[in-house]
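Visitor: What follows is a single structure, and I will ask about it in a moment.
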């Protein structure tokens, strides 16, 4: 097994170190990760400046490649150019902070795994539901191992990845693992307006994560109640229900052509 490990917290984070140790129980690991914090960059790619890959050392040994780009850059550059063979899987994490609900859209951790699926590689993302950078990552690492060791057996359809979220609880409080759907919670965002020493205004994003709809099988609800959540997600964004509704209506028939609009007077 050849496993590409990446993240969005940066190659020097505690989470990626714990994940690498867990993945080495499965096979050979190569690390290609951002050289700095890249949280909430989503699926951004670097197109207006060059990328550089720098060997990163930890404990006197080469730990992996540090990339001056995004998590998606790391996977794309690694698989297409840096690596001499194709990884069997991509595992992204362990992220500080949950990537449940709408957070999965913003997450660089999830987007790195999504890039893996776009390249036809079985992929998963792992997050721990705390922003405490001194948090114990061992439980999340064990959950990552349990899921990753079974990932290839699942034969997920193209474009689908597993989004794994682990509660920040002790092992005694941990209740197990559940399959979930993506939750419906979201951020109530705003910006704190501040003034710099030169008198110029600047803006700092603030927000509160709020429950929009409590779903018993939603990832947010499950993690909050002490379970790890495994959510299969994919990048297909088409709303097929609305597509069929629009095809049955005549409103767009004047500007759209195609057999689907015939007879819709």
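Every number here is computed from the coordinates shown, using simple stated rules; none is lab data. Nothing here was measured: the structure is a model prediction, and the numbers come from that model. Cβ sites come from the backbone with ideal geometry, for glycine too, and all protein chains shown count toward neighbours.
Visitor: So if we plug the beta-carbon distance of residue 152 and residue 82 into 1/(1 + (r/R0)^6) with R0 = 22 Å, what FRET efficiency do we get, rounded to 0.05?
Guide: Values: r = 23 Å, r/R0 = 1.02.
Efficiency computed from Cβ-Cβ geometry: 0.45.
Visitor: Shifting gears a bit: Please work out the Cα center distance from the range 1-53 to the range 64-78, rounded to the nearest Å.
Guide: So the separation of the two Cα centres works out to 7 Å.
Visitor: Here is a follow-up. Return one number: the angle in degrees, 0 to 90 and rounded to the nearest 10, between the long axis of the Cα atoms of helix 138-154 and the longest principal axis of the Cα atoms of the chain.
Guide: Here the helix axis deviates by roughly 50 degrees.
Visitor: If a paramagnetic tag sat 7 Å from the Cα of residue 28 along the Cα-Cβ line, which residues of the range 1-22 would have the backbone N under 18 Å from that point?
Guide: 1-6, 20-22
Visitor: Separate question: Give me the angle, in degrees from 0 to 90, between the Cα long axis of helix 108-118 and the longest principal axis of the Cα atoms of the chain, rounded to the nearest 10.
Guide: It is inclined by approximately 70 degrees.
Visitor: Here's something else I'd like to know. So how much slack lies between residue 196 and residue 250, counting 0.36 nm per residue of separation and subtracting their Cα-Cα distance, in nm? Could the numbers behind the result be given before it?
Guide: Numbers: separation 54, 0.36 × 54 = 19.44 nm, distance 5.43 nm.
Additional length available on full extension: 14.0 nm.
Visitor: Shifting gears a bit: Can you tell which of 125, 18, 228 shows the greatest fluctuation in a Gaussian network model of the chain with Cα springs below 10 Å?
Guide: Per the Cα network of the chain with a 10 Å cutoff, 18 tops the list.
Visitor: Right, something else. Which residue, 150, 85, 194, has the most motion in a Gaussian network model of the chain that connects Cα atoms within less than 10 Å?
Guide: Highest fluctuation of the listed residues: 194.
Visitor: Same structure again: Any idea what the relative contact order of the range 118-166 is, in percent, if you count C-alpha pairs under 8 Å spaced at least 6 apart?
Guide: It rounds to 66 percent for the range 118-166.
Visitor: Still on this model: Of all the C-alpha pairs in the chain, what % are more than 31 Å from each other? Walk me through the intermediate numbers first.
Guide: Details: 11373 of 34980 pairs.
So the portion of pairs separated by more than 31 Å is 33 percent.
Visitor: Cα gyration tensor of the range 156-265, axes a ≥ b ≥ c as square roots of the eigenvalues: rounded (a/c below 1.5), prolate (a/b > b/c) or oblate? Display every interim value, and only then the final one.
Guide: Values: a/c = 3.05, a/b = 1.31, b/c = 2.33.
Judged from the Cα gyration tensor, the range 156-265 comes out oblate (a/c at least 1.5, b/c at or above a/b).
Visitor: Let's test the formula: R0 of 25 Å, r as the Cβ-Cβ distance of residue 217 and residue 238. What FRET efficiency results, to the nearest 0.05? Let's see the in-between values first.
Guide: On the way: r = 23 Å, r/R0 = 0.94.
With a Förster radius of 25 Å, E is 0.60.
Visitor: Order of 245, 180, 114, 238 from fewest to most other C-beta atoms within 10 Å? Could the numbers behind the result be given before it?
Guide: On the way: 245 10, 180 24, 114 28, 238 7.
Ordered by Cβ neighbours within 10 Å, fewest first: 238, 245, 180, 114.
Visitor: Pairing the Cα long axis of helix 14-23 with the longest principal axis of the chain, what angle in degrees results, from 0 to 90 and rounded to the nearest 10?
Guide: 90
Visitor: Using 20 Å as the cut-off for backbone N distance, which residues of the range 82-98 belong to the label zone defined by a point 7 Å from the Cα of residue 62 along Cα→Cβ?
Guide: 82-88
Visitor: In addition: Which value at 222 nm does the chain reach when only helices count, each DSSP H run of 4 or more adding -39,500 (n - 2.57), with the total divided by all residues and rounded to the nearest 500 deg cm²/dmol?
Guide: Numbers: 7 runs with 64 residues, N = 265.
After summing the helix terms and dividing by the residues of the chain, the value is -7000 deg cm²/dmol.
Visitor: Out of the DSSP beta bridges found with both residues in the chain, what percent are antiparallel (nearest 5)? Please report the intermediate quantities before stating the final value.
Guide: Numbers: 22 of 48 bridges.
Bridges in the chain that DSSP calls antiparallel: roughly 45 percent.
Visitor: Pairs of alpha-carbon atoms within less than 8 angstrom and 6+ residues apart define the contacts here; what relative contact order does the chain have, in percent?
Guide: Numbers: 566 pairs, mean separation 43.4, N = 265.
Relative contact order here is 16 percent.
Visitor: Placing one identical point scatterer on every Cα of the range 5-86 and ignoring solvent, what is log10 I(q)/I(0) from the Debye formula at q = 0.16 Å⁻¹?
Guide: With one equal scatterer per Cα and no solvent, log10 I(q)/I(0) is -0.56.
Visitor: Ranked from highest to lowest mean number of other Cβ atoms within 10 Å per residue, what is the order of the peptides 154-161, 136-143? Working shown, then result.
Guide: Values: 154-161: 14.0, 136-143: 20.8.
Packing order, densest peptide first, comes out as 136-143, 154-161.
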